Each structure stands twice: as C-alpha cells, then as structure tokens.
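One structure is given here, and the rest of the page talks about it.
The values are calculated or read from the model by the stated rules, or taken from the named source; none is laboratory data. Here the structure is a predicted model, which is why all the values come from computation and not from measurement. Cβ: placed from backbone, ideal geometry, glycine included. Neighbour counts: every protein chain shown. Side chains included, ligands, DNA and RNA excluded: accessible areas come from the protein's heavy atoms. Shrake-Rupley method; radii C 1.70, N 1.55, O 1.52, S 1.80 Å.
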Amino acid sequence: MEATPVRARVYIGLVALGALWCLHALPSTRTPWWAVVLLAALYAGGERLSGSFYPVLLAAAFLLSPSAAALVAVPGALIAPAGGRPQPLRRLWRAAQLVVAVWPAAWVYRTLGEREAVVAADFPHVLVHAGAAVLTFCVVLTALDGGILALAERRPVRRAWRGLFPRSLAPIAVHGLAGLMMAVLWRSPYGPVSALLVLLPMCVSWWASAQYHRERSAHQATIRALVQAVDIKDGYTRGHSERVGRATMMIARELGLADERIEVLRFAGILHDVGKLGVPTRLLRKNGPLTPEERRVIELHPEYGHEMVRGISFLGEARAAVLHHHERLDGTGYPYGLSGSQIPESARVVAVADAFDAMTSTRSYSRARPVPVALRELEKCAGSQFDPRMVTALVRAVDQHGWHPAVTADESPAPVPRPQVAGAPGAHR
C-alpha cells in the first residue's frame, strides 16, 4: 500500500470504525477474559509463525460472544509482520478487517442457537451451524479484500473480487473444521490444554509452507539482483525490465488469466533481457548502427538468459518467454524462427510488452514515441510480428489504466539515428 490513495485510506478508516462498533458491547457482556487472553496469545503466536492463523479465530467465534471473539484478533494483527509500507496503516487494516469478519461469524453461530453445541458435541448439527459461521467469515473477509484491492491498487471492481471467494473457501473451511475441533476439546473435560493438540499438525504444515515461501523470497532476491546487474550494464534501458513486467501484467489481466499465471508472466517480463549480461557492454551502448556480426552476437541474449534462469524451478513458463520473446508470428524472428502457435503464449505476451516499452522509451539509437503512436505501430504489425490477441489486450489495458513511460517523446534528447528493421516496431538490442 505504498502511496496509498486517499479513497483507500477513507475505506480503511470506515472499516476501522466498523471494527470499533463490533467491540463496543464488550463492557456490557460477561466475558471470560482469561479465555480471551489465552486465545489472543495463541493467535498472535500463530501470526508471527505463519500468518493467517484462522483456526484460533474461528474457535473463538464458537466459544465466545461476538465482541469478545472479535477482540482475539486485534493483538496478533497489530504485531504481525506487515509485509510492506506504510506498516502502521497495513496493521490497522488487518486488525480492522479481521474484527469485522470474526464478529458476524460469531453472531451467526450464536443466532442459530448453537452456543452450547460444542459442549454437547452435537454432531452433525453443529457442523451445519459452524459451517454457516465459517461461510460468513469467508464472505466478509473476501469482500473486504476485494474492496481494498479495487481502491488501493486501482483494479477494476469486477476483477478485484474475481476468484477471491472460491480460492479462499477451501482453506478457510479447513481452518474452520480445526477451529471447531479446538472448541469441542476446549469445552470438554480435558480442558483448553487438549485443544492445543489440534494445532500441532497444522503448525508443522504451516512451518513447511513458511520454509517454501522463504525459499521463494530468496529466488526473488536473486531475480532483483540479476535485473539490477542488467540495468547497470545497459544504462539506456534502466527500468526497462520492471516496465515490461508491468505491461506484461496488464496484458495478462486483460486476458483474464489466473493470478498465479499473471505472477509468473510478470517474472518473465522482468527477466526477459537477463541474457544481456552475456553480451559485450560496448555493443549494448554503441551509438549508431550495428554490423551484421554485432547483431548476431546481440541476438544470442535470449539463449544466454534461458541458461541463466533454467534452474529456477518456480518460474515455469517464464523460462520459455525469456528464450522466445524475439520470435515473430511469421517465423522470421530469433533464436529458432518459430511461427504462429509454435511460439509459447508467455513469449507472445512478453514480445508485445517489450516492443511497447522499447518504443515509448528513449535509447541511444531511437527517440521515444508517444504512447498512441506506439500502439498504432503494434496494431500494424499484429498478425505478422505480434499476436493480435496480445496487442488488443494491451490497447484495452492502456486505454483503461493509462501508461506513464519513464521518458516521453517530448522530454527525450535527440538520439543518434540508426536504421531499424523494416516493419519491426521497437527493434532494439
């Protein structure tokens, strides 16, 4: 939420006010504070360990009044890693969101008359009513998530909510079942200590998941280091990789791809030129035309890049995009002269994003073109050089969200002219 828009801040403020309303009944209710403190401590510990420790929150919804259950989420949310800046605002948002989600879940459970069902272990009826509470929790949580995505990241409203609920329902249902088991054991003759046994296998699973995410973060740090090395080596393209990653995401979202694929394609856009680390710097920075031999050397960079990233397993189809992003639909591209559907979809997406940023950025050998001119050039070459679907998706995305290149045509200095390949917009090194 860096540079959080005002409307997103207002939204967070309104959700925070809703959270305060959810807690307002605490002074007037009989609250077992020892249980609130113990559950809050368990939740805070789980948040520090793995994040999203929902079984404890849902157990609180089955055991406590709505206001007391909602309070359990506050300490853990306020001390959990924020994952970005501004951290105080992110923590406030997380705490308010969870309070507003737990309160209606607990209210639904109690309204259905199942306040003491966990004591009697009244199966299967307790499963139905607990399921209603879990469903309520999931609906509210994803609704709030979609709202902040739409406002903070300026996503279209439909796309902000698309897929959030289906992706969240299964994991939260599992957490709800664990929370119900905790609640039943908590109110059993064995007491709260026995409830902790439910958390042990889940903690092991979450620990393994956390290890995976730490490994993924290490890969991402490696990617950033490679991109920075390319930017340092080729000063005229500094920032190009990040912009291509952004344009690639815009195309992928316009195509309606799943979030997982969008993330992989973003990596593809960021890494597409990493092979330039194997190209002599004098060629990358040369003013004026390249000789045929020099061009053949530069055209090796997709293969160099593929060799560099082939061992990063989570990149998936991004590796194919690094290798094939200079192929053309008519088969005259490089390195292998693939044509049409032989070119991987990821490479066709990156090719359009790469050419678009190349045309709208100033280099040592070309002046930046205005965005509308660059889009028209892409449309002219759709079907011969570029996939028409990808071009159309980029045009729609830019029309809807705009594009702000680092250097505009009006701001750029006059470059040394250099002949480009006819009919190849954004022909670049």
(request) List the number of the failed condition for residue 97; all other conditions in (1) over 21 Å from the mean Cα position of the chain (by Cα); (2) in contact (Cβ under 8 Å) with a residue 60 or more places away in the chain; (3) open to solvent by less than 10 Å² (accessible area, probe 1.4 Å) hold. (result) (1)
(message) With the structure loaded, tell me whether residue 375 is free of Cβ contacts under 8 Å to residues at least 24 places away in the same chain and touching a helix residue (DSSP H, G or I) at 6+ places or on another chain (Cβ under 7 Å) or whether it fails that test.
(response) yes
(request) Quick one: in segment 178-191, of everything that is without any contact (Cβ under 8 Å) to a residue 40 or more places away in the chain and out of contact with any Gly (no Cβ under 9 Å at 6 or more places or on another chain), which residue is most open to solvent (accessible area, probe 1.4 Å)? (result) 190
(request) For residue 351, indicate whether it is more than 22 Å from residue 256 (Cα to Cα), of a type outside the set (Val, Ile, Thr) and crowded, with 19+ Cβ neighbours inside 10 Å. (result) no
(message) Can you confirm whether residue 209 is modelled with pLDDT under 80 and either assigned to a helix (DSSP H, G or I) or surrounded by fewer than 19 Cβ atoms within 10 Å (Cβ to Cβ) (or both)?
(response) yes
(request) Could you tell me which of the residues 352, 398, 371, 421 is within 32 Å of the chain's Cα centre (by Cα) and either farther than 20 Å from residue 239 by Cβ or modelled with pLDDT of 95 or more (or both)? (result) 352
(request) Can you tell me which residue within segment 34-77, out of those that are assigned to a helix (DSSP H, G or I) and in contact with a Ser or Thr (Cβ under 8 Å, 6 or more places away or on another chain), is surrounded by the fewest Cβ atoms within 10 Å (Cβ to Cβ)? (result) 67
(request) Show the residue pairs that are 6+ apart or on different chains and have beta-carbon atoms under 6 Å apart, the first residue being within segment 123-152 and more than 22 Å from residue 62 (Cα to Cα) and open to solvent by 10 Å² or more (accessible area, probe 1.4 Å), the second being small (Gly, Ala, Ser) and modelled with pLDDT of 85 or more. (result) 151/8; 152/8
